[in-house]
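The values are calculated or read from the model by the stated rules, or taken from the named source; none is laboratory data. Nothing here was measured: the structure is a model prediction, and the numbers come from that model. Heads up, the Cβs are rebuilt from the backbone with ideal geometry, glycines too, and the neighbour counts pull from every protein chain shown.
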Amino acid sequence: MLNARPVILETRTWEVQAIFNVVDGFAQQRGLSGLNPRPMGEVAFYAVAEVINGQRMKFTEPLRLIMQQSPSGYFLFFGRVQRGKGTTRRDLLRPGTYVIAVESDYYLPYEQPNEVIPMADPTQPIQIILIPSVAYPYPLTVKLLRGTLRHVDGSGMEAVTISAIADGQRVQYVTGANGDWVLPLPYIAPSDHPPQNAILDVKFSFPNDPEQTKTIADIRYQPSMMVTVGLQSAIVGQIVDRNGGGVAGVVVEVPTLAGQVVTDEEGQWMFVFATQEADTTIDAILANGQQQLFPAVVIPAGETRYVPRLQLT
């Protein structure tokens, strides 16, 4: 009779190293979906830097924290991380203090500084409130103010704070790299005599100069409508040669306004300026110094004007 060999079973228990209580800031403010309304869409966590002696040491490549979500919606981190598209490992994130970034489908990017991993007290989850981005699927009953801020060359104006006081509540948004913004406003019930708080001022504060602000006054908002607020005007066009091909590298100026832009490979250009109604001249300057003026271009205030192709002779 053969002697049966003993079977050795090995089990491992991994302790939770961090717990994140992530909530939808808009739903929480409006009292929707309970005390801790969970965010919509995918939410990803990254360790982007280690804090050593108070100094932030940025990683060359963020480490994605592999999460498990509990039945109640908490995000649990058991120590597994992933660098790039590689395999997951447990030895890449040593115990220490880290900057944790949160990216998601419908919310602004978020950073949580100085988080100790593993956390000292797992019974005290790390609280994160996500603020909706312009992609957030707001309910149809929510009144929205939207807009875009751009530099002279058409690129997005980042880190501008847009704020307003509506129905006694302060709402604000900070622009990202594309310059888009949105303000969700309290619902105003329809009536024959709209209340005074259905009229508001929208304030724009710029990052390079905190004292520099611009205000668009007396914006009236009605129930179940979306209003686009235009702080800026724009001219969009294309410079072409005699054969209709785009001309790259042409400097485009508007003599009555500051700044200049340069056409791209297809000869296209955009010039953005503060909201005002203008009857102006466009000045196109080639690299060889050849210059051509295109007068009497009318730009309505707060709008984007697509001008006809400008052909250089």
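Selection of first residues in region 85-105 that are touching a residue at least 12 places away in the same chain (Cβ under 8 Å) and of second residues that are loosely packed, with under 15 Cβ neighbours inside 10 Å and not in a strand (DSSP E or B), restricted to Cβ pairs under 8 Å at least 6 apart or on distinct chains, gives the following pairs, ordered by first then second residue: ALA101/PRO109; VAL102/PRO109; GLU103/PRO109; SER104/GLY41; SER104/GLU42; ASP105/GLY41; ASP105/GLU42; ASP105/ALA135. Among the residues of region 11-19, is there at least one that is at pLDDT 90 or above, out of contact with any Cys (no Cβ under 7 Å at 6 or more places or on another chain) and not in a loop (DSSP other than H, G, I, E, B)? Yes; the residues of region 11-19 include at least one that is at pLDDT 90 or above, out of contact with any Cys (no Cβ under 7 Å at 6 or more places or on another chain) and not in a loop (DSSP other than H, G, I, E, B). Selection over region 51-68 of residues that are in contact with a Phe, Trp or Tyr (Cβ under 6 Å, 6 or more places away or on another chain) and of a type in the set (Gly, Ala, Ser) gives a count of 0.
SER133 satisfies every condition listed in (1) crowded, with 16+ Cβ neighbours inside 10 Å; (2) touching a residue at least 60 places away in the same chain (Cβ under 8 Å); (3) touching a strand residue (DSSP E or B) at 6+ places or on another chain (Cβ under 6 Å) except (2).
Among residues of region 65-83 that are without any contact (Cβ under 8 Å) to a residue 24 or more places away in the chain, those with a Cβ under 8 angstrom from a residue that is of a type in the set (Val, Ile, Thr) and exposed (fewer than 15 other Cβ atoms within 10 Å of the Cβ), sequence gap 6+ or separate chain, pair up as ILE66/THR88; ARG80/THR88; GLN82/THR88. Of the residues making up region 31-43, those that are surrounded by 14 or more Cβ atoms within 10 Å (Cβ to Cβ) and farther than 13 Å from ILE129 by Cβ number 1.
If you check LEU310, LEU293, LEU286 for being modelled with pLDDT of 70 or more and buried (at least 16 other Cβ atoms within 10 Å of the Cβ), only one passes: LEU310.
From the list LEU231, LEU183, LEU200, the lone residue that is of a type outside the set (Asp, Glu), modelled with pLDDT under 70 and under 30 Å from GLN29 (Cβ atoms) is LEU231.
Applying a threshold of 6 Å to beta carbon distances and a minimum spacing of six or more residues, or different chains, the list of pairs starting in region 17-41 at a residue that is on the phi > 0 side of the Ramachandran plot and touching a residue at least 40 places away in the same chain (Cβ under 8 Å) and ending at one that is of a type outside the set (A, V, I, L, M, F, W, C) and in a loop (DSSP other than H, G, I, E, B) reads GLY41/ASP105; GLY41/TYR106. The condition of being modelled with pLDDT of 75 or more, within 33 Å of the chain's Cα centre (by Cα), surrounded by 15 or more Cβ atoms within 10 Å (Cβ to Cβ) and small (Gly, Ala, Ser) holds for only one of GLY246, GLY302, that being GLY246.
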